[in-house]
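> There's a structure below that I have some questions on.
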Amino acid sequence: MENIKKMVKNIVLIVAILLLFKAAISYQIAKTDYNTYDYLVVGNDTLWTIAGKICSEDKHIRNVIIDIKEINNMTDSTIYVGQTIKLPIYN
């Protein structure tokens, strides 16, 4: 009985690891490669205001911010005047 419990526990662990691996691969595949253009950050710019300028009706502003951060490998939303960041071009 002890061996069966151990085997079930191991199978559950393996399935969980495989599901996490599948999710990670799916996330990488889901990332979209965008055509981009360079944008020079000016005074009073925030990611929110910049995203608002390029946001379309079918793309929520928060998703645009996520795209900008992903494209620029940003871990937070900090930007600086004079900084050049890449912005996505949405078709």
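> Ignoring trypsin sites (Lys or Arg not before Pro) that are buried or in helix or strand per DSSP, and keeping those with at most 14 other beta carbon atoms within 10 Å, what is the longest stretch of the chain between them?
It works out to 60-91.
> A follow-up question, please. Using a simple charge model, +1 on the beta-carbon of Lys and Arg, -1 on the beta-carbon of Asp and Glu, nothing else, what dipole does the stretch 40-91 show about its Cα centre, in debye to the nearest 20?
60 debye
> Arrange LEU47, LEU18 by Cβ neighbour counts within 10 Å, fewest through most, would you?
Sorted ascending by nearby Cβ count, the order is LEU18, LEU47.
> Give me the dipole magnitude in Debye, nearest 20, for the chain about the Cα centre, with unit charges on the beta carbon: positive for Lys and Arg, negative for Asp and Glu.
540 debye
> Let me ask something else. Over the chain, what is the mean sequence separation of C-alpha contacts under 8 Å (at least six apart), divided by residue count, expressed as relative contact order in percent?
On the way: 67 pairs, mean separation 34.0, N = 91.
37 percent.
> Expressed in nm to one decimal, what extension gain is obtained for the pair ARG62 and ASN3 from 0.36 nm per residue of sequence separation less their Cα-Cα distance?
The span from ARG62 to ASN3 would gain 16.3 nm if fully extended.
Any read-out appearing in this document is the output of simple, stated calculations on the displayed coordinates, not a laboratory observation. The structure displayed is predicted, hence computed values, not measured ones. Neighbour counts are summed over all protein chains in view; Cβ atoms, including those assigned to glycine, are modelled from backbone coordinates with ideal geometry.
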